[in-house]
Amino acid sequence: MNSGEPASLAGLEQAAHLHALAERIHHAADDLPAPEPTHSLASISEEVEDQVRVIAGLFTVLAGEAAFHSRAARRHPGPADSLAHRKIGLMTRAADPLGWALAKLGEAVVQIGRLHEINAAPRTPERAQAIHTARAALDDRLASAHRHLTDAARNLHQDADLLIAPVPSPRRAPAPPTAGPHRPAALPAPPPISPTAPRARR
């Protein structure tokens, strides 16, 4: 950090917390089943089940942090801890993309159920087309959930850096120039001109 005040120890700790949470979200995104046609429906179902639990747990962490901070502020009124308030504000931004990721996984579960239903039907050309359509919809929901999770992780990493950004020092007004050997001193202001009597007419 070249300018401004260095980040405080508390700021570094809060930023590390956000970075750790971002990494957990990033791992959850990586652990989602990839939209590969070779993956069996059984393996996709199990992986989706696991990641729904993980993401719901992360969502619970965000809600718990916000609630804990609110209780602490109510029980201990006094000067506001601006850093803690800022950290909670940045942290809870991840709730929106996490919520969207959970919603997309919910839609993926619907498609998984649909595929089970179709697979139980007799083999017909219509059944094959229905399987293809449902599988494409499932892959789309998984890709969308992955995108929301990676967005949440990336934004949290960026927000963590905001907590340790140096505070710009106030700029000082430039000092007035002083007289030197090569700079003449300022001349005194001329005296005011007093009014004179009107001229006599010739």
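Give me the distance in nm between label points sitting 7 Å out from Cα along the Cα-to-Cβ direction at residue 96 and residue 60, one decimal.
If labels sit at residue 96 and residue 60, their model points lie 2.6 nm apart.
What distance in nm separates the simple spin-label points at residue 123 and residue 10, each placed 7 Å from Cα in the Cβ direction?
Inter-label distance under the simple model: 6.9 nm.
Stretch residue 50-residue 83 to full length: gain in nm at 0.36 nm per residue minus the Cα-Cα span?
8.4 nm
Based on the Cβ-Cβ distance from residue 143 to residue 75, what FRET efficiency comes out when R0 is 35 Å, to the nearest 0.05?
The value I calculate is 0.20.
Compute the Cα gyration tensor for the stretch 47-157, then decide on rounded, prolate or oblate, letting a ≥ b ≥ c be the square roots of its eigenvalues: rounded whenever a/c is under 1.5, prolate when a/b is larger than b/c in the other cases, and oblate in all that remain.
Prolate is the answer for the stretch 47-157, as a/c is 1.5 or above and a/b outweighs b/c.
Read-outs: derived from the displayed coordinates by stated rules, not from any lab. Computed from a predicted structure; not experimentally measured. Positions of Cβ are generated from backbone atoms using ideal geometry, with glycine treated the same way; all protein chains shown enter the neighbour counts.
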